[in-house]
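See below for the structure under consideration.
The values are calculated or read from the model by the stated rules, or taken from the named source; none is laboratory data. Bear in mind that the values here come from a model prediction, so they are computed numbers and not experimental data. Positions of Cβ are generated from backbone atoms using ideal geometry, with glycine treated the same way; all protein chains shown enter the neighbour counts. Note: areas computed on protein heavy atoms with side chains; ligands, DNA, RNA excluded. Shrake-Rupley method; radii C 1.70, N 1.55, O 1.52, S 1.80 Å.
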Amino acid sequence: MDWLTEHKLPVGAWIELFVDWLYEHFFWFFDGTTAVFEFLIEGAADILIWTPPLIVVALIAGLAYWLHRSWKLVALIVPALLLVINLGYWEDTLLTLSLVVWATVISMAVGVPVGILAAHRPAVWTFLRPILDMMQTIPTFVYLIPALIFFGLGVVAGLVATIIFALPAPIRLTYLGVSSTPTPLVEAAESFGATPAQLLWKVEIPHALPTIMAGLTQCIMLSLSMVVIAAMVGADGLGIPVLRAINTVNVAKGFEAGLAIVVIAILMDRICKQPAPREPGRRK
């Protein structure tokens with residue numbers, strides 16, 4: 001055992017050399033990505049902060065009613081957001097909301113096409129599966145190290161770490177939904193002369209939509225779970241007061257900031273949840 005430990009493989013040194021090589025040759029890509037993501041996240045947050053809070057509340061409530069036609073949901077959203085304003089965490093909530101929304105959009109934009117490709121190409125799924133397992137198993141703090149090296153201290157490093165953490169969910173659930181399309185349904189579409197594109201858009205995706213939407217809600221929850229960790233690398237939002245409360249053992253402040261995170265999680269989950277199909281009305 002002593003001989004084995006004395007001849008340690010320099011795995012860490014190899015990874016460090018690889019990371020240094022990446023930054024040295026592709027610094028232009030990382031700097032450009034940082035500038036774009038900062039513009040998107042901070043721009044969206046600035047617009048929301050500039051808009052009067054009551055108007056933002058009304059817009060969110062109107063969006064929820066338009067999607068779900070439910071006054072009960074509106075009755076949940078309005079008091080919950082007014083509570084966040086009352087507690088004094090409105091700007092932090094908007095910063096967190098901007099980060100979570102962009103992390104979710106990017107994760108879904110990448111995860112859904114990759115999941116569809118994996119469902120149609122078994123070799124791709126065989127290649128991706130251990131990578132996804134590793135992404136979900138590695139402690140989230142490990143993501144922060146390369147994110148800091150490539151993107152620097154700030155919101156972009158937190159966004160990248162959040163995307164890496166949340167990305168496996170939409171890939172897995174999209175793959176599950178598309179690959180579980182009933183064979184008789186596919187064969188019936190093919191017998192009517194459906195092209196591969198028509199088969200995808202008119203059969204497989206509609207069948208997989210509930211599973212894809214479950215991937216969306218999981219992606220949102222996973223992104224919100226990274227809020228406090230992202231704050232460790234300079235990402236503004238509700239994670240900052242939580243960290244300060246931990247450092248000062250401030251129970252009241254920690255509970256209030258945590259409550260604001262819970263409110264955002266519940267509201268985003270309810271708004272993004274797939275509406276239940278409506279029963280057709282009776283004819284008179």
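Summary of values
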| read-out | value |
| --- | --- |
| Total formal charge among the other residues, if their Cβ is under 15 angstrom from that of Ile145, Lys/Arg +1 and Asp/Glu -1 | -2 |
| Summed residue charge, Cβ within 15 Å of Ile171's Cβ, Lys/Arg positive, Asp/Glu negative | +2 |
| Heavy-atom accessible area per residue - the stretch 165-272, 1.4 Å, Å² | 47 |
| Of Arg270, Arg129, Arg121, the one that fluctuates the most in a GNM where the chain has Cα springs shorter than 10 Å | Arg121 |
| Simple label model, 7 Å out from Cα along Cβ direction - Ala75 to Lys273, nm | 1.6 |
| Cα-based convex hull, the chain, per residue volume (Å³, whole number) | 204 |
| Carbon and sulfur %, accessible surface of the chain computed with the full protein complex present, 1.4 Å | 70 |
| Cα convex hull of the stretch 1-63, projected area averaged across orientations, nm² | 8.9 |
| Hydrodynamic radius by Kirkwood, which averages 1/r over all alpha carbon pairs of the stretch 1-134, in angstrom | 19.7 |
| Charge sum, other residues only, whose C-beta stays under 12 Å from Leu99's C-beta, Lys/Arg counted +1 and Asp/Glu -1 | -4 |
| Linear extension gain, Leu59 paired with Ala188, 0.36 nm per residue minus alpha-carbon span | 42.1 nm |
| Accessible area (Å², per residue) of the stretch 1-144, counting only protein heavy atoms and a probe of 1.4 Å | 65 |
| Cα-Cα P(r), the stretch 155-284, percent of pairs per 10 Å interval | 12, 27, 25, 18, 11, 6, 1 |
| Rounded accessible area of Glu6 (nearest 10 Å², 1.4 Å probe) | 140 |
| MRE, 222 nm, helices only [DSSP H, n ≥ 4, -39500 (n - 2.57), over the chain, to nearest 500] | -27000 deg cm²/dmol |
| Label point 7 Å beyond Cα of Thr33 along Cβ direction - residues of the stretch 85-124 with amide nitrogen under 13 Å | 107 |
| Extension gain, Thr51 back to Leu22 (0.36 nm per residue minus Cα-Cα distance, nm) | 6.4 nm |
| Computed FRET value (nearest 0.05) for Ala109 with Leu83, which takes r as the C-beta separation and R₀ as 45 Å | 0.90 |
| Accessible area of His7 in the full protein assembly, 1.4 Å probe (Å², nearest 10) | 110 |
| Inter-centroid distance (Cα atoms) of the stretch 112-166 relative to the stretch 222-264, Å | 23 |
